[in-house]
Amino acid sequence: MIRLPLVAGNWKMHKTIAEARQLVPELVYGLQDIEGVQKVLCPPFTALLSVKALLEGTDIGLGAQNMFWETEGAYTGEVSPKMVAELCQYVILGHSERRIYFGETDEGVRRKVKAALAVGLSPIVCVGETLEENENGKTEVVVRRQLEEGLRGVELEVDESGGVPLLVAYEPVWAIGTGKAASGEIANRVVEEVIRPTLASLYGERVAQAVRVLYGGSVKAANAAEFFEQPGIDGALVGGASLKAEEFIGIVSAAASSKQRQLT
Ligand code: PGA
């Protein structure tokens, strides 16, 4: 089973429209010749429309960082799945920062995942343990629960192209924005021993093997290859390093060369 690698830049709450207009052309230029990797930018809502225009005619996809599950209504401050789907192909859901700072729960993630799939968006569902959970040996239990609860009742099938319209990002909370990435080997072990078996128990082996699983947490150009060389890791969700053109381009090109090597 060949899973096309994907590298997504999660800009978080960074970049005004004016700043995005400076960064995106640099990314477009630097990424244009890199093949065999899906590239995705996830700017804040306010910059989505401008970034979409700048990406016109390129192979770079667009994603949002969150959305609400209701289609429309009196939900001040929220953005609906159909609004996101007008602009984007992807949406990051259940990011640990949303869970920690905005009280997002597994149940909320589940509703959002269903709503995203219903409008044709590909959700990138984030899971990962905190430092405390990690130190207490709870990684497996936490990640399995987040997947089982976050995906309960969500239907997934392999489509004609052999893919599944949902991605999982393994992002250990202790590695996010800290400069302390997990080792490639440890991250791969969580993917192979926890994430794919949990997906297999929910959907069967065929779907589990088709879902792309990304690693996220302090990925930069200098350490990216360590993750992409792991057989279970199909790409990266990049925060801080996605704000610098050179870094992000370096990460995407590491994905292209590592995954190319695995195929030959
Ligand atoms: P980081 O963030 O690359 O800045 O650690 C990753 C993420 O939160 O998706």
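Under the 0.36 nm per residue contour assumption, what length would be gained going from the current alpha-carbon distance of A53 and M13 to full extension?
Length gained, A53 through M13: 12.4 nm.
Pairs to check: K82/K259; K52/K114; K15/K82. Give those whose C-alpha atoms are more than 27 Å from each other in this structure.
K82/K259, as the Cα separations exceed 27 Å there.
The chain: percent of C-alpha pairs farther apart than 31 Å?
It works out to 18 percent of all Cα pairs.
Which value in deg cm²/dmol, rounded to the nearest 500, describes the helix-derived mean residue ellipticity at 222 nm for the chain, given -39,500 (n - 2.57) per DSSP H run of n ≥ 4 and division by the residue count? Intermediate results must be reported in sequence, preceding the final value.
Values: 12 runs with 116 residues, N = 264.
It lands at -12500 deg cm²/dmol.
Which helices, counted as full DSSP H runs in the chain, have an axial Cα extent of no less than 24 Å and a Kyte-Doolittle average of -1.0 or above?
Values: long enough: 245-263 (27 Å, 0.09).
Once both thresholds are applied, what remains is 245-263.
Whole angstrom only: what separates the Cα centroid of the stretch 116-188 from the Cα centroid of the stretch 36-75?
What the calculation gives is 20 Å, centre to centre.
Label points 7 Å out from Cα along the Cβ direction at V119 and E185: separation in nm?
4.4 nm
Please state, as a whole number in µm²/s, the translational diffusion coefficient that the Stokes-Einstein equation yields for the stretch 1-89 at 37 °C and 0.692 mPa s, with Rh defined as the Kirkwood radius across alpha carbon pairs. Walk me through the numbers before you get to the answer.
Details: Rh = 14.0 Å.
Answer from the Stokes-Einstein relation: 234 µm²/s.
Could you sort 75-84, 110-119 so that the peptide with the highest average Cβ count within 10 Å comes first and the rest follow in order?
Going by the mean number of other Cβ atoms within 10 Å, highest first, we get 110-119, 75-84.
If I model a spin label as a point 7 Å beyond the Cα along the Cα-Cβ vector, how far apart are those points for L202 and D33 in nm?
In this crude label model, L202 to D33 measures out at 4.1 nm.
Residues of the stretch 110-129 with the amide nitrogen closer than 17 Å to a label point 7 Å from the Cα of E72, along Cα-to-Cβ, please.
Only 119 fall inside the zone, counting backbone N under 17 Å.
Report, ordered by chain and residue number, the lysines lying within cross-link reach of K138, taken as a straight Cα distance under 22 Å and ignoring same-chain residues fewer than 8 apart.
Hits, sequence-local ones excluded: K180.
Each reported figure results from applying straightforward, stated rules to the coordinates on display, with no laboratory input. The structure displayed is predicted, hence computed values, not measured ones. Ideal geometry is used to build each Cβ from the backbone, glycine not excepted, and the neighbour counts take in all protein chains shown.
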